[in-house]
Amino acid sequence: MPNRTIIFLYFLSIFFLYSCKTAQNIQPSQDIQLPESEETIQSTDSKDLTILFGGDIMSHEENYNTSNYADIWKDVTEYIHSADLALANIETPIDDSIPYEAYPTFNTHHEYIDEAIKAGFSVFSLCNNHTNDQGITGILQTQKWIYNNPSIYASGLKNPSDEFSFNIIEKNGWSILFLPITEILNAPTAKEYINYVPPSKTKRADFITYAKMLRQKYPCDLFIISIHTAEPEYIPGIQKEQKNYYYTLLEEAHADVIWANHPHIVKEWEIIGNRDTQKIHSLIMYANGNTISGQRRDPQFKAPATRRDYTGDGILVKATFTKNVDTTKIEISNIETLLITTYITPTRDFVLKPLRESTIQNFEKNGNTRWAHYLQARLELMNTIQGIATWH
């Protein structure tokens with residue numbers, strides 16, 4: 001079992017001193033510059049690719065009733081656009097032929113998701129426990145939306161005759177294999193149209209075998225597996241069985257990134273490196289929380305640590321991958337994270353704000369001390385979430 005070094009999340013940018021016995025303090029909204037080897041510094045043939053990983057894009061009533069969908073994203077758009085690719089999980093069917101609908105059976109329209117695309121998101125997982133909320137019709141309409149948007153990549157829905165759907169993404173000289181699955185469905189309706197892997201040992205083993213075969217069949221620079229997990233919502237902590245499953249996908253299927261979601265709260269992320277070479281080669285995100293939702297519709301200003309209040313915060317993880325042409329080795333050379341939070345305007349519009357000191361200071365400056373004090377407490381709580389560095 002790999003040796004694990006716990007890292008706490010702090011704001012200040014730092015440099016890692018790579019030792020299996022060294023722990024460093026880091027935090028969201030920071031820039032983690034990983035050290036370059038002498039070989040990398042001297043090479044003029046290195047190429048970088050930045051990929052941003054969001055969380056769940058929900059469509060609650062509060063979200064689709066927001067007066068201007070572009071306003072949801074305007075304060076985080078620049079950050080999302082700073083990445084070459086940006087990933088999110090769309091947790092609703094997209095069917096313009098029927099009305100918007102919220103929990104427990106979601107439906108949204110294309111204009112709601114279009115603003116997320118304009119904000120910079122370009123790769124989507126479409127398989128989760130709400131994928132079949134509108135039955136086969138909702139699935140077919142969502143597939144139609146994919147076909148009408150050739151500029152984006154989306155997987156998770158499939159033809160019944162196919163085992164899984166996936167994307168091969170070509171970007172800036174990189175080839176990325178993207179494979180999303182869900183371990184949970186709220187109902188068995190039309191499950192043959194969904195990348196569904198029940199969380200049994202047998203089915204997980206079968207999926208590992210499939211993922212290994214897929215990587216061999218489609219050689220790529222990066223292999224990203226998205227997993228909508230079968231775990232309790234809103235509960236912190238990571239199950240040992242889940243962690244071991246992800247390690248196996250990295251080791252046997254040769255995945256480079258595991259990107260997990262479902263709990264609707266932010267959980268830790270993990271970088272994995274080689275103790276001898278001091279290089280980071282893998283990334284696991286156990287849950288990036290809600291990117292946008294209406295779940296924190298009643299913020300507990302006097303009790304900001306209430307469990308439901310965590311659903312209003314998310315994290316955007318931006319990783320820089322470096323490819324050295326002379327060695328064909330892929331390394332993670334930089335990781336930057338940004339905490340985001342859902343702010344409810346006086347007109348009940350739900351919009352995103354960076355969760356950082358400058359945002360809080362702006363609220364104070366504008367006399368909105370209630371939100372300023374609440375977000376200060378939320379920031380302090382979110383900064384206790386731990387990141388992990390694993391060396392083997």
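Observations
- Histogram of C-alpha separations across the chain, 10 Å bin width, %: 5, 24, 34, 26, 10, 1
- Computed over protein heavy atoms with a 1.4 Å probe, the accessible surface of the stretch 185-296 works out to 37 Å² per residue.
- If only the Cβ of Lys and Arg carry +1 and only the Cβ of Asp and Glu carry -1, the dipole of the stretch 307-392 around its Cα centre is close to 240 debye.
- Check: the stretch 338-383 dipole with +1 on Lys, Arg Cβ and -1 on Asp, Glu Cβ, in debye: 80
- Length-normalised contact order of the chain in % [C-alpha pairs under 8 Å, at least 6 apart]: 21
- Highest average packing first - 132-143, 311-322, 359-370, 227-238, Cβ atoms within 10 Å: 311-322, 132-143, 227-238, 359-370
- Integer Hz, Karplus 6.51/-1.76/1.60 couplings in order for the stretch 136-143, x for Gly and Pro: 5, 4, x, 5, 5, 5, 5, 4
- Cα gyration tensor shape for the stretch 195-238, rounded if a/c is under 1.5, else prolate or oblate: oblate
- Whole-angstrom gap from the stretch 319-392 to the stretch 156-189, using each part's C-alpha centre: 28
- Tensor-based shape of the stretch 45-170 (alpha-carbon gyration tensor, a/c under 1.5 rounded, otherwise prolate or oblate): oblate
- Packing, as the average of other Cβ atoms within 10 Å across residues, places the peptides 299-309, 191-201, 85-95, 115-125 in the order 85-95, 115-125, 191-201, 299-309, highest first.
- Taking 24 Å as the straight-line reach from the Cα of Lys353, the lysines in range (excluding those fewer than 8 positions away in the same chain) are Lys74, Lys118, Lys267, Lys302, Lys318, Lys365.
- Aspartates and glutamates whose Cα lies under 16 Å from that of Lys171, excluding same-chain neighbours fewer than 8 positions away: Asp48, Asp84, Asp221
The values are calculated or read from the model by the stated rules, or taken from the named source; none is laboratory data. Computed from a predicted structure; not experimentally measured. Virtual Cβ from ideal backbone geometry, glycine too; neighbours counted across all protein chains shown. These accessible areas exclude ligands, DNA and RNA; they are computed on the full protein's heavy atoms, side chains included. Shrake-Rupley method; radii C 1.70, N 1.55, O 1.52, S 1.80 Å.
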